[in-house]
Amino acid sequence: MLRRYHPGMDRGTPTAGARQDPGRGDGSATIVAGRPMPAFGRIGVEPISGACGCEITGVDLTRPIAPETLAEIMLAFEHFLVIVFRRQALTPDQHRDFSRRFGELTELPQAPTYDGHRDMQEVRREAHETKNVVPSFEHFHTDSAFLERPPLCVVMRALDAPRYGGDTAFSNAYLIYEDLSDGLKNLLDQLQVVYSGKDIWAKNQKLDPDKRLRLRESHNLTEQELENIHPAVRCHPRTGRKALYVNKAYFKHFVGWNPDESLALLEYVQSLAQRLHYHCRVKWRRDTLLVWDNRFLLHRGIHDFMGERRHLVRTTVIGERPVGPKRS
Ligand code: MN
């Protein structure tokens, strides 16, 4: 699908230091992830698909990162929404230090922690386990939308990856929104969603013991803090670019809509995230490190592996309170 870039589309200005895209040599820009691809001089950047995601080369995250290199990493992150680094054998402290470049780390009330590190979580499935045992949804979602300030991004690294399968897939929520009709955009622009994590534990207790998810045992959030209302369309706080911010995970209903109406619209917009031309997919190897945006990009694990261990550890960076479109 061809998307044309209009100079007025994005209210923001390009990140400082960004050079012009070298393009295809005929003066036209390379459009990838819905926008002209910036030029990178200090890091290697290879887009994974036309929709989102890139692999970055030429960076060793165990060593100090020059400010100009960091600026390019941030530019790649903003443009591609998920950035992939290979062969990064970080210690937990190095993992945390790199994560803090994106913002302040936060704990999650529901996710199991990693090896005594309260600010690191893990997604682990042992070789003998055949089912998904962690709260990792098998549909496209953003993490923890029930929080007042849901995560900005997740920094995840593989300690162990299956030989085949167990990829993580992503879907670009800017592109989903931009392809909607003006009619549906206008409707969604006015809508708000109730997201709630109040019943995560109670629901889990009702399952058969062998079907239960491995949840974090305790947290210090109040009941009230586990439920929040957010806009159905989320704007980038600096550029104003809009993305769909509706997904099934922790969704209760649209404000002012009854459950049937809410479910009907939810099912429709959720189905849009499945379209392949919004996606990229990342294969994990040991020491692969990903940073993905948890505001404007949906993700899901693919549990298509058997008899092999998959062990991912992550930090979570706190985001801003979601900003909706300005009401006119
Ligand atoms: Mn998730």
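See the values below:
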| read-out | value |
| --- | --- |
| Failed item in (1) within 16 Å of the ligand (Cβ to nearest atom); (2) of a type in the set (A, V, I, L, M); (3) in a strand (DSSP E or B), with residue 249 passing the rest | (3) |
| Residue in segment 150-167 that is closer than 25 Å to residue 197 by Cα, at pLDDT 90 or above and in a loop (DSSP other than H, G, I, E, B) present | yes |
| Any hit, segment 182-203, residues being over 25 Å from residue 325 (Cβ atoms), within 16 Å of the ligand (Cβ to nearest atom) and assigned to a helix (DSSP H, G or I) | yes |
| Single match in 301, 307 (criterion: small (Gly, Ala, Ser), touching a residue at least 24 places away in the same chain (Cβ under 8 Å), surrounded by fewer than 21 Cβ atoms within 10 Å (Cβ to Cβ) and within 16 Å of the ligand (Cβ to nearest atom)) | 301 |
| Segment 283-328, subset at pLDDT 95 or above and of a type in the set (Phe, Trp, Tyr), residue nearest to residue 167 (Cα to Cα) | 284 |
| Segment 171-181 - residue that is surrounded by 17 or more Cβ atoms within 10 Å (Cβ to Cβ) and among the hydroxyl-bearing types (Ser, Thr, Tyr) and, of those, farthest from residue 323 (Cα to Cα) | 171 |
| Tally, over segment 99-128, of residues that are surrounded by 15 or more Cβ atoms within 10 Å (Cβ to Cβ), more than 17 Å from the chain's Cα centre (by Cα) and away from the ligand (no atom under 16 Å from the Cβ) | 2 |
| Unmet requirement for residue 225, which otherwise passes all of (1) at pLDDT below 95; (2) closer than 24 Å to residue 49 by Cβ; (3) not in a loop (DSSP other than H, G, I, E, B) | (2) |
| Residue in segment 197-216 that is within 23 Å of residue 244 (Cβ to Cβ), surrounded by 15 or more Cβ atoms within 10 Å (Cβ to Cβ) and touching a strand residue (DSSP E or B) at 6+ places or on another chain (Cβ under 6 Å) present | no |
| Residues (in a loop (DSSP other than H, G, I, E, B) and of a type in the set (Lys, Arg)) located in segment 204-222 | 212, 214, 216 |
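The values are calculated or read from the model by the stated rules, or taken from the named source; none is laboratory data. Everything numeric here is computed off the predicted structure, so don't read it as measured data. Please note: Cβ atoms are built from the backbone with ideal geometry, for glycine as well, and neighbour counts cover all protein chains shown.
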